[in-house]
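The values are calculated or read from the model by the stated rules, or taken from the named source; none is laboratory data. Nothing here was measured: the structure is a model prediction, and the numbers come from that model. Note that each Cβ is placed from the backbone with ideal geometry, even for glycine, and that neighbours are counted across all protein chains shown. We work out accessible area using only protein heavy atoms, side chains counted, and drop any ligands, DNA or RNA first. Shrake-Rupley method; radii C 1.70, N 1.55, O 1.52, S 1.80 Å.
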Amino acid sequence: MMLESWNPPLLHDFSKLLSRGDDDRTNLSAEKALMEALELPLIDLNGLKSEDEREKTRCEDAIAKASSEWGFFQVVNHGVSLELLRKMRREQMKLFKAPFEIKATCGLLNNSYRWGNSTATCPKQFSWSEAFHIPLTKISEATCYGEFTTLREVMMEYATSMQDLAKSLAGVLVRKLGHKDSEIREICNESTCFLRLNHYPACEISEEIFGLVPHTDSDFLTILDQDEVGGLQLMKDSKWVAVKPNHNALIVNIGDLFQAWSNDVYKSVEHKVLANGKKERFSIAYFLCPSYDSLIGSCKEPSVYKKFTFGEYRYQIQQDVKLIGHKVGLSRFLL
């Protein structure tokens, strides 16, 4: 397969895993054929700004209900400019079209470039994708951008908009469980959160490989802006369901920390991306994270989980990935 010079050596790395002889690939073609495509709960966030308290309450209830029953939902009228989303997508596409050598060796965006999965020990742990995972603390630094000078201003505006939206949604979820939203706002700010720019190149072996392996997110919540190619799937009622793309909406999903804090009221749901044999896919994720020394406890007793800091949680994930090849997650912290 001929790969464009801007794509990372995904086929080379994947082939090395195959050469080990442990071919544990899942044939995803049958899975795709049986896949049920569903619309996520769609919530109009204009309700949060309504002067009618009943309408505002209905909107907040819908957010909490979707977070409990699905762990995922879509939002429209979210306050993020559609023109800003379009500009960010154009800049993202321009960035990923840079030669692989520049992305991998020139220290772009805090040297945050990654591809595939360096810790994969078998094919089913490999992701056919590349990404920049950028701390918000670094996006204002002009030296991070190299030749991509127009990306900086757009990314700063984008991060601010996503930060505002994430804190608004987190505030609703905290208040619905009887707490003050300051509990989240005080530990999650621009010094602790991340943006991840994702690119999934077209993959002719797409029936044998994930674009992104099954996982849950290790934050409080994630906001995803995806294109119209599709491929995102989530676990619902013990089966995988495909998410229909909606170009007018942003996707929100609950992370592990909110599940722990809410005592399992809100659900951090496993999700994945399937590779596409004909089309490349782009998405941008914003992760609402606390500082590493923030203590995550339950909002009520008796607690399902023992208390842990975000740093301890991240360390445990890194150890699990190193030792067994995948994340174990909250089950490590059950009481």
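Among the listed residues Leu288, Leu232, Leu224, identify the single one that is within 14 Å of the chain's Cα centre (by Cα) and farther than 22 Å from Ser127 by Cβ. Break it down into steps so the answer makes sense when it comes.
Details: Leu232 fails: farther than 22 Å from Ser127 by Cβ; Leu224 fails: farther than 22 Å from Ser127 by Cβ.
So the residue among Leu288, Leu232, Leu224 that is within 14 Å of the chain's Cα centre (by Cα) and farther than 22 Å from Ser127 by Cβ is Leu288.
Can you find a residue in region 174-190 that is of a type outside the set (A, V, I, L, M), under 26 Å from Ser112 (Cβ atoms), open to solvent by 10 Å² or more (accessible area, probe 1.4 Å) and in a loop (DSSP other than H, G, I, E, B)? Let's see the steps before the verdict.
Going through region 174-190, the residues of a type outside the set (A, V, I, L, M) turn out to be 175-176, 178-183, 185-186, 188-190.
This time we only want the ones that are under 26 Å from Ser112 (Cβ atoms), so: 185, 188-190.
Still in the running and open to solvent by 10 Å² or more (accessible area, probe 1.4 Å): 185, 189-190.
With the extra rule that they be in a loop (DSSP other than H, G, I, E, B), the set shrinks to 189-190.
Looking through region 174-190, at least one residue is of a type outside the set (A, V, I, L, M), under 26 Å from Ser112 (Cβ atoms), open to solvent by 10 Å² or more (accessible area, probe 1.4 Å) and in a loop (DSSP other than H, G, I, E, B).
Which ranges mark the strands (runs of 3 or more DSSP E) fully within region 1-88 that have 1 or more residues being open to solvent by 50 Å² or more (accessible area, probe 1.4 Å) and at pLDDT 85 or above? Outline the logic, then answer.
Working: elements: 36-38, 42-44, 72-76.
Those strands (runs of 3 or more DSSP E) span 42-44.
If you take the residues of region 142-173 that are without any contact (Cβ under 8 Å) to a residue 60 or more places away in the chain and open to solvent by less than 40 Å² (accessible area, probe 1.4 Å), which of them is farthest from Phe96 (Cα to Cα)? So that I can check it myself, show each step before the final result.
Initial filter on region 142-173 (without any contact (Cβ under 8 Å) to a residue 60 or more places away in the chain): 142-150, 152-153, 156, 160, 171.
Those left that are additionally open to solvent by less than 40 Å² (accessible area, probe 1.4 Å): 144-145, 148, 171.
Numbers: Cys144: 15, Tyr145: 13, Phe148: 11, Gly171: 34 Å.
Ranking the qualifying residues of region 142-173, first place goes to Gly171.
Quick one: which residue in Leu335, Leu323, Leu330 is of a type in the set (A, V, I, L, M, F, W, C), open to solvent by 20 Å² or more (accessible area, probe 1.4 Å) and over 21 Å from Asn117 (Cβ atoms)?
On the way: Leu323 fails: over 21 Å from Asn117 (Cβ atoms); Leu330 fails: open to solvent by 20 Å² or more (accessible area, probe 1.4 Å).
Result of the check over Leu335, Leu323, Leu330: Leu335.
When you look at Lys124, is it in contact (Cβ under 8 Å) with a residue 40 or more places away in the chain, in a helix (DSSP H, G or I) and either among the β-branched types (Val, Ile, Thr) or more than 30 Å from Asp61 (Cβ to Cβ) (or both), yes or no? First the steps, then the outcome.
Details: in contact (Cβ under 8 Å) with a residue 40 or more places away in the chain: yes; in a helix (DSSP H, G or I): yes; either among the β-branched types (Val, Ile, Thr) or more than 30 Å from Asp61 (Cβ to Cβ) (or both): yes.
Answer is yes for this residue.
Within region 264-282, can one find any residue that is open to solvent by less than 20 Å² (accessible area, probe 1.4 Å), more than 26 Å from Ser206 (Cβ to Cβ), β-branched (Val, Ile, Thr) and in contact (Cβ under 8 Å) with a residue 40 or more places away in the chain?
No, region 264-282 contains no residue that is open to solvent by less than 20 Å² (accessible area, probe 1.4 Å), more than 26 Å from Ser206 (Cβ to Cβ), β-branched (Val, Ile, Thr) and in contact (Cβ under 8 Å) with a residue 40 or more places away in the chain.
Consider only pairs whose beta carbons are under 9 Å apart and that are at least six residues apart or on different chains; among these, list those whose first residue lies in region 294-306 and is over 26 Å from Ser191 (Cβ atoms) and open to solvent by 30 Å² or more (accessible area, probe 1.4 Å) and whose second residue is among the acidic types (Asp, Glu) and not in a strand (DSSP E or B).
Val304/Asp264
Just the residues that are more than 22 Å from Glu153 (Cα to Cα) and either touching a His at 6+ places or on another chain (Cβ under 6 Å) or open to solvent by 60 Å² or more (accessible area, probe 1.4 Å) (or both), please, taken from region 103-119. Show your work before the answer.
So the first thing to find is which residues in region 103-119 are more than 22 Å from Glu153 (Cα to Cα), and the list is 104-105, 114-119.
Result: Thr105, Arg114, Trp115, Ser118.
Of everything in region 188-211 that's in contact with a Leu (Cβ under 9 Å, 6 or more places away or on another chain) and of a type in the set (A, V, I, L, M), which residue is nearest to Leu330 (Cα to Cα)?
Within region 188-211, the match that is nearest to Leu330 (Cα to Cα) is Leu195.
List pairs: first residue in region 6-25 and under 17 Å from Trp115 (Cβ atoms), second residue modelled with pLDDT of 85 or more and of a type in the set (Lys, Arg) anywhere in the structure, Cβ distance under 7 angstrom, at least six positions apart or on different chains.
Trp6/Lys97
Which of the numbered conditions does Pro201 fail, given that it passes all the others? Conditions: (1) over 28 Å from Gln316 (Cβ atoms); (2) at pLDDT below 95; (3) surrounded by 22 or more Cβ atoms within 10 Å (Cβ to Cβ).
Among (1) over 28 Å from Gln316 (Cβ atoms); (2) at pLDDT below 95; (3) surrounded by 22 or more Cβ atoms within 10 Å (Cβ to Cβ), Pro201 violates only (2).
Scan region 209-230 for residues that are of a type in the set (Val, Ile, Thr), part of a loop (DSSP other than H, G, I, E, B) and over 13 Å from Phe72 (Cα atoms) and jot them down.
The initial filter retains those residues of region 209-230 that are of a type in the set (Val, Ile, Thr), namely 209, 213, 216, 222-223, 229.
Restricting the remaining residues to those that are part of a loop (DSSP other than H, G, I, E, B) gives 209, 216, 229.
Ile209, Val229, listed by residue number.
Being of a type in the set (D, E, K, R) and under 25 Å from Glu270 (Cα atoms) is true for just one of Asp219, Asp164. Which residue is that?
Numbers: Asp164 fails: under 25 Å from Glu270 (Cα atoms).
Of Asp219, Asp164, the one residue that is of a type in the set (D, E, K, R) and under 25 Å from Glu270 (Cα atoms) is Asp219.
Is there any pair linking a residue in region 49-64 that is of a type in the set (Asp, Glu) to one that is in a helix (DSSP H, G or I) and at pLDDT 95 or above, with Cβ under 6 Å and at least six apart or on different chains, and which?
Cβ pairs passing all conditions: Glu55/Gly47; Glu60/Val172.
Please find, among Ala120, Ala104, the residue that is modelled with pLDDT under 95 and within 19 Å of His215 (Cβ to Cβ).
Working: Ala104 fails: within 19 Å of His215 (Cβ to Cβ).
Step by step, each of Ala120, Ala104 is checked, and only Ala120 is modelled with pLDDT under 95 and within 19 Å of His215 (Cβ to Cβ).
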